Every structure is written in structure tokens, then in C-alpha cells.
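For reference, the structure is listed below as C-alpha cells.
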Amino acid sequence: LDLVIVGVDNENAKYRINQLCLERRLTAIYAGVYERGEGGDAVIISPYNGPCYACWAEELRSGAALVDDPQELDYGMIGETGTLEAEPGLWLHVARIASAQTDIGLNALLEGTAVYRTMPGNTVIMANSAIEIVPGEITLPYAAEWFAIERNPNCMVCGHFYEDSAVSLADLLATNGLGIDTDTDDEER
């Protein structure tokens, strides 16, 4: 296995995948679509050569934390009849972010060849509608901003303090006041 393309929409699952990729030193590419498809992001995480998903998410999604009972994202609006109203173009907005994730992955697999492209950062944030990516600035629809998110040396998952004594997902959750059932097999979690 050379590369992991993460295609889940659950933060707890992303943290677990992050831990497994760090243990195996596997590069992973994560993506996320924002509420109602207004934009999204894609990031390439190379273990110990930049941030892990945990310190990346802490920097980019300030305030995002592991939750015991994650709520569903609101991709649409509830109509008067109680049903989800149509969100025109949502699938196209999701596909645009997924296409960027895929392209970043293909490029990573081409490293060392003549067609490999150096990217301006490890994170791209794309606007499907006019959104504020950089505080105080509106990014126009179909534009994107690149960022180089650095590794947090104090990260509980990949920080220098923890390199010699790996922290498990259960330890990380317990530190945040959450817990998991350790009597359950990994396959059942």
C-alpha cells in the first residue's frame, strides 16, 4: 500500500485512520465538504513530514474536537413538510472537492517522475460559492487558496513528546474527557 485516500465523513473515523497511517508511516489524503457544499478542503498528510490529521484539524478547524456522538452535517434545509429540500448542484460541489483529492493523490504517486508537480502547500481550500477562507477576505466561487499547515510539535498524536511512547486513540479520547469501549473488538468499533 502506497497511499490512503480517506473517503469518510466522520471525524472520529478520520482520527482513527490518522493513527493507523502514522503507525504504518502511510501517506493519506483527506477531504471534507462544508455545509451545503459551499466549499471544501483536501489535504495530503505525510507522517512525520508535516502535520498529522489531528494537528492539521486543530489548526484548520480551530474548535473541532473529537465527539462521542457526532451530529450529522446539515447539507440542506428542512422544508415545511419536514423533508429535506433539494440542494441544487450539491453532488457537483462534492465531486469538485473529491476530484481535487484524487488529483492530489495521483500526483503524490508520481513523485520522482518528470510529470510530478510541486504543490504550493499541503492543503487546498476550494470555494464553490463566495466564502470567507482567509479572515476578512471573500474568496469568489470556483477559486481556491493553498496553505502549508505545519506540524504541531506538541501534538498529542504525532508531537515530539509522544514519538517514543505512541498515544492510542483511546488515550487521546480519554484526555479529551471521552471514552471508548475497550472490550469491543476493533472490527466492531
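Descriptive notes on the structure:
- Taking a ≥ b ≥ c as the square roots of the eigenvalues of the alpha carbon gyration tensor, the range 90-147 is oblate, as a/c is not under 1.5 and a/b does not beat b/c.
- Protection proxy ranking of 13-24, 39-50, 112-123, 138-149, by the mean of other Cβ atoms within 10 Å over each peptide's residues and highest first, is 39-50, 13-24, 138-149, 112-123.
- Of Trp56, Trp91, the order by accessible heavy-atom surface (1.4 Å probe, DNA, RNA and ligands excluded), from most exposed downward, is Trp91, Trp56.
- Sorting Glu35, Glu137, Glu11 by solvent-accessible area of protein heavy atoms yields Glu137, Glu35, Glu11, largest first, with a 1.4 Å probe.
- FRET efficiency for the Ile133 to Ala95 pair, using the beta carbon distance and R₀ = 22 Å, is estimated at 0.65.
- In order along the range 121-133, phi translates into HN-Hα couplings of x, 9, 9, 10, 10, 10, 9, 8, 9, 5, 9, 9, 8 Hz, rounded to whole numbers, per the Karplus curve 6.51 cos²θ - 1.76 cosθ + 1.60 with θ = phi - 60° and x for Gly and Pro.
- FRET E, pair Leu3, Thr81, Förster distance 45 Å, beta-carbon r, rounded to 0.05: 0.55
- Sites Tyr48 and Ala144, calculated FRET efficiency, Cβ-Cβ separation with R0 30 Å, nearest 0.05: 0.65
- Over the range 1-62, Cα pairs under 8 Å with separation of 6+ residues give a relative contact order of 30 percent.
- Inter-label distance, nm, simple model (7 Å from Cα along the C-beta direction), Glu111/Leu20: 2.1 nm
The values are calculated or read from the model by the stated rules, or taken from the named source; none is laboratory data. All of these numbers come straight from a predicted model, not from anything done at the bench. Here Cβ is always computed from backbone atoms with ideal geometry, including for glycine, and neighbour counts include all displayed protein chains. In case anyone asks, the SASA skips ligands and DNA or RNA and just uses the protein heavy atoms, side chains included. Shrake-Rupley method; radii C 1.70, N 1.55, O 1.52, S 1.80 Å.
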